[in-house]
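Only one structure is covered here, and it is reproduced in the block below.
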Amino acid sequence: MSQTSTPVEGTAAEELPRPERFADVKGWFWPVDQMIFDWFLARQADTDRRGDLLELGAYMGKSAIFLGGYLGEGETFTVCDLFDSPAPDDPNSAEMDRSYATLTRRAFETNYLSFHDELPTVVQAPTSVITSKVAPGTCRFVHVDASHLYEHVHGDIEAARQLLVPDGIVAFDDFRAEHCPGVSAAVWGAVATTGLKPIVITGSKLYGTWGDPAPFTESLREWLATRTDVWHGVEEVAGLPLIRIKGPKARPPAPPVSRHEPLAAPEPLPAPEPQPAPEPQPAVPAPATTVTPPVRRSLARRLARDLLPPILTRALTSGSRRR
Ligand SMILES: C[S@@+](CC[C@H](N)C(=O)[O-])C[C@H]1O[C@@H](n2cnc3c(N)ncnc32)[C@H](O)[C@@H]1O
């Protein structure tokens, strides 16, 4: 049931809404995690750590679009998702119906191509096939965000371990959400039994490595000390320092730009040069025959009302109103 391919037939670009901004793409990828993804991926670029990118669970492409922006020349980005294919088991099928009922692969592709020229390699299949599609030890960053059920996450962790380069980074979504205890159990189980070393946690994600976490932890702590938009603390977990971040006001990096973003309003024209005030002109008296000035007319009415018999006053004032 696995399909690895180029875009699905019948391009949906004309029918599906095309995001004008990154904020228009539905998903669960919060600013604080955009900030931390950016930190790890920019650090990899700075230290010349090359390798491929992998996302398990793409939904409408929010985090995939973001990740795709860090793909280097000659590197491969693979996303694996069931999209609109049947899930491999009943609990996973129920999870899909509950949370991702409107998902289609065409929606993912339309979104992705709004921000990038080319699609990533799309594996439309359960994540259990991923180790047969991606070569071992080739990925520098893996985002695990597919099924949130224990058995599946357990398998995804094992896949990430095989596919990552030794100092590669893995990010797990919803590792402590109330509604997905299976993710917590699987992730902390991997810390206890497989040598996964957590580096940093946010409200939604845990970032770790099976390599040496110390260089990451040290430079991330230094960088966080310069940030005023997030709180961070450090706590020892399983013998290693673990950074905790709270970032409801985190300032994420500049978002990916959609090719459908409306053009900015044109710059306002420069204000005209101030002109010298015109010379005052002598007042030209209005010809007496054109308009009766209001003051004069009301004075005439008042005199008429006071001095003439009522019948004449009425005749005169109604005649002046008609005029
Ligand atoms: C939480 S969403 C991904 C969100 C996305 N990473 C984002 O940030 O917007 C989970 C995705 O995993 C997919 N999924 C669920 N179970 C899966 C499985 N067993 N294999 C592959 N994909 C699965 C769903 O189709 C859904 O698109």
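Taking the numbered list (1) acidic (Asp, Glu); (2) farther than 23 Å from ASP52 by Cβ; (3) touching a residue at least 60 places away in the same chain (Cβ under 8 Å) in turn, ASP156 passes all entries but (2). Checked against (1) in contact (Cβ under 8 Å) with a residue 24 or more places away in the chain; (2) touching a Pro at 6+ places or on another chain (Cβ under 9 Å), LYS133 passes all but condition (2).
When PRO126, PRO120 are checked against the criterion of being touching a residue at least 12 places away in the same chain (Cβ under 8 Å) and out of contact with any Gly (no Cβ under 8 Å at 6 or more places or on another chain), PRO126 stands alone in meeting it. Is it the case that GLY189 is modelled with pLDDT of 95 or more and in contact with a Lys or Arg (Cβ under 9 Å, 6 or more places away or on another chain)? Answer is no for this residue.
The values are calculated or read from the model by the stated rules, or taken from the named source; none is laboratory data. On a predicted model such as this, the values are computed, not experimentally measured, just so you know. Every residue, glycine among them, receives a Cβ derived from its backbone with ideal geometry; neighbour counts consider all protein chains shown.
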